[in-house]
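A.B. asks: Quick one: the structure is below, and I'll ask about it shortly.
The values are calculated or read from the model by the stated rules, or taken from the named source; none is laboratory data. The structure displayed is predicted, hence computed values, not measured ones. Cβ sites come from the backbone with ideal geometry, for glycine too, and all protein chains shown count toward neighbours.
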Amino acid sequence: MKKVTKAVFPVAGLGTRFLPATKAIPKEMLPIIDRPLIEYAVEEVVNAGINEIIFITSHTKRAIEDHFDQNFELEEKLLNAGKKEYLEKINRDIFSNVKFTYVRQKTQNGLGDAILHSEHLIQEEAFAIILADDLIINNPSCISQLIEIHEENECSVIGVNEVPENEMEKYGVISIDEPSSTNNSYVLKDIVEKPKSNAPSNLAVVGRYVLSSKIFKYLKNLEPSVGGEVQLTDAIKLMLNDEKVIGYLYEGTKFDCGSRHGYVNAIKHLAKEILDD
Ligand code: G1P
C-alpha cells in the first residue's frame with residue numbers, strides 16, 4: 001500500500017467570525033502566540049511524513065502563499081545583522097523538502113467542492129484532508145494516529161470526538177453499530193451533516209481525514225445540501241455503499257480556532273507552556 005504523502009488544506013473560507021481582524025488578513029494567518037494558525041497544521045502533517053501540500057485557496061489568501069515561500073530580502077537583512085536564530089524561524093528546515101501547491105477555488109461552494117479542486121493532483125492513493133481551524137495538540141499527532149489506523153485497516157479514516165448533544169448541529173455526525181468500539185475505531189454505518197435533531201451518535205467529525213481517492217467519484221455531480229453548499233459528508237455517505245470507512249476517536253486536545261472561544265483557549269493553553277517554562 002502506498003504511503004500517505006499528500007494533504008489537502010481547504011483555506012478559501014472568508015473567516016467572517018473573526019471580522020474585522022480577517023478583513024485584510026486570512027484567518028489562517030492569525031497568530032497563535034508567534035506563529036500563524038496554519039503553520040501548526042502544516043507542521044502536523046509534515047511530521048507525519050507528508051511532503052506534498054495542496055492549498056485550495058482564493059484571491060484573498062495570498063499571505064498564506066507568501067508565508068511558505070522564501071523572503072530573500074528579509075533573509076539577507078537577518079543574515080547581515082547576525083540574527084541567524086530568526087532565519088530558522090522563517091525558513092524552517094522541516095519544510096525544506098515539502099512541495100506546496102495552490103489551487104484557486106473561484107466561488108465558495110463548500111468543503112466538498114473545495115476538495116474536488118484537488119482531484120488532478122491526487123493519483124490513486126489515499127490522501128489527508130486538514131481543516132486548519134481545528135488545532136489539535138498531541139504527540140503522536142491526530143493525523144499520525146489516523147494514518148496508522150488507515151495503514152492497519154487499508155480503508156478511509158475520519159477523526160471523531162465526543163460532543164454534547166446540543167452541539168451536534170455544528171458538525172458532521174457518524175452513525176455506528178452497537179456495540180461498536182475496538183481500540184477507539186468505529187466502522188461507519190452512516191454519516192450526516194449538521195443534524196438539527198436526533199443525531200445518530202455523540203461522535204462528531206473533526207477536521208482530520210484520510211480518504212481514498214475514490215471520494216472524487218462521489219464528489220462529482222453532488223448537489224448542494226446543508227447550507228446550500230456541496231458537502232464532503234454527502235460524498236463520504238455515498239462512498240459507504242462501496243467501501244469501509246472508520247471513525248477514529250483520536251487522542252488529543254482540540255481547539256476550534258474558527259471560534260473566538262476556541263482561539264482564546266488555544267492561546268491560553270500554549271501561553272501556559274511558555275509561562276511555565
Ligand atoms: C466541516 C464539516 C463537518 C465537520 C467540521 C469539523 O464543517 O462539514 O462535517 O464536522 O468541518 O470542523 P464546517 O466547520 O466547515 O462548517
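A.B. asks: Answer yes or no: is there a residue in segment 192-212 that is more than 24 Å from A266 (Cβ to Cβ), away from the ligand (no atom under 16 Å from the Cβ) and either hydrophobic (A, V, I, L, M, F, W, C) or out of contact with any Cys (no Cβ under 8 Å at 6 or more places or on another chain) (or both).
C.D. replies: yes
A.B. asks: Which numbered condition trips up V187, out of (1) in contact (Cβ under 8 Å) with a residue 24 or more places away in the chain; (2) crowded, with 17+ Cβ neighbours inside 10 Å; (3) within 16 Å of the ligand (Cβ to nearest atom)?
C.D. replies: Against the list (1) in contact (Cβ under 8 Å) with a residue 24 or more places away in the chain; (2) crowded, with 17+ Cβ neighbours inside 10 Å; (3) within 16 Å of the ligand (Cβ to nearest atom), V187 comes up short only on (3).
A.B. asks: Sort out which residues of segment 231-269 are surrounded by 20 or more Cβ atoms within 10 Å (Cβ to Cβ) and of a type in the set (A, V, I, L, M, F, W, C), and write them in order of number.
C.D. replies: Scanning segment 231-269 gives L232, A235, I236, M239, V245, I246, F255, C257, A266.
To keep it simple, each residue is scored yes or no on (1) modelled with pLDDT of 95 or more; (2) touching a helix residue (DSSP H, G or I) at 6+ places or on another chain (Cβ under 8 Å).
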residue	(1), (2)
E148	yes, no
I176	no, no
P179	no, no
K189	yes, no
L211	yes, yes
K214	yes, yes
L222	yes, yes
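A.B. asks: Quickly run through segment 218-248 and pick out the residues that are within 16 Å of the chain's Cα centre (by Cα) and either more than 14 Å from Y171 (Cβ to Cβ) or among the aromatic types (F, W, Y) (or both).
C.D. replies: Within segment 218-248, just Y248 meets the criteria.
A.B. asks: Take the residues of segment 121-147 that are farther than 28 Å from P31 by Cα and within 17 Å of the chain's Cα centre (by Cα): which is surrounded by the most Cβ atoms within 10 Å (Cβ to Cβ)?
C.D. replies: Result: A126.
A.B. asks: For segment 224-247, what are the residues that are more than 14 Å from the ligand (Cβ to nearest atom) and touching a Cys at 6+ places or on another chain (Cβ under 9 Å)?
C.D. replies: E243, K244, I246
A.B. asks: Mind checking which residues of segment 184-219 are assigned to a loop (DSSP other than H, G, I, E, B) and in contact with a strand residue (DSSP E or B) (Cβ under 9 Å, 6 or more places away or on another chain)?
C.D. replies: Correct list: N184, K194, P195, A199, P200, S201, N202, S212, S213, K214.
A.B. asks: With the structure loaded, tell me whether Q123 is under 20 Å from F255 (Cα atoms), more than 14 Å from the ligand (Cβ to nearest atom) and in contact (Cβ under 8 Å) with a residue 40 or more places away in the chain or whether it fails that test.
C.D. replies: Answer is no for this residue.
A.B. asks: Looking at segment 90-112, which of the residues that are touching a residue at least 12 places away in the same chain (Cβ under 8 Å) and part of a helix (DSSP H, G or I) is farthest from the ligand (Cβ to nearest atom)?
C.D. replies: I90
A.B. asks: List, please: which pairs have Cβ atoms under 6 Å, are six or more places apart or on different chains, and start with a residue in segment 15-40 that is more than 18 Å from I94 (Cβ to Cβ) and end with one that is surrounded by fewer than 17 Cβ atoms within 10 Å (Cβ to Cβ) and at pLDDT 95 or above?
C.D. replies: P26/A63; M29/A63
A.B. asks: Give E251, E223 a once-over and let me know the one that is closer than 15 Å to G110 by Cβ and part of a loop (DSSP other than H, G, I, E, B).
C.D. replies: E223 is the lone residue from the list that is closer than 15 Å to G110 by Cβ and part of a loop (DSSP other than H, G, I, E, B).
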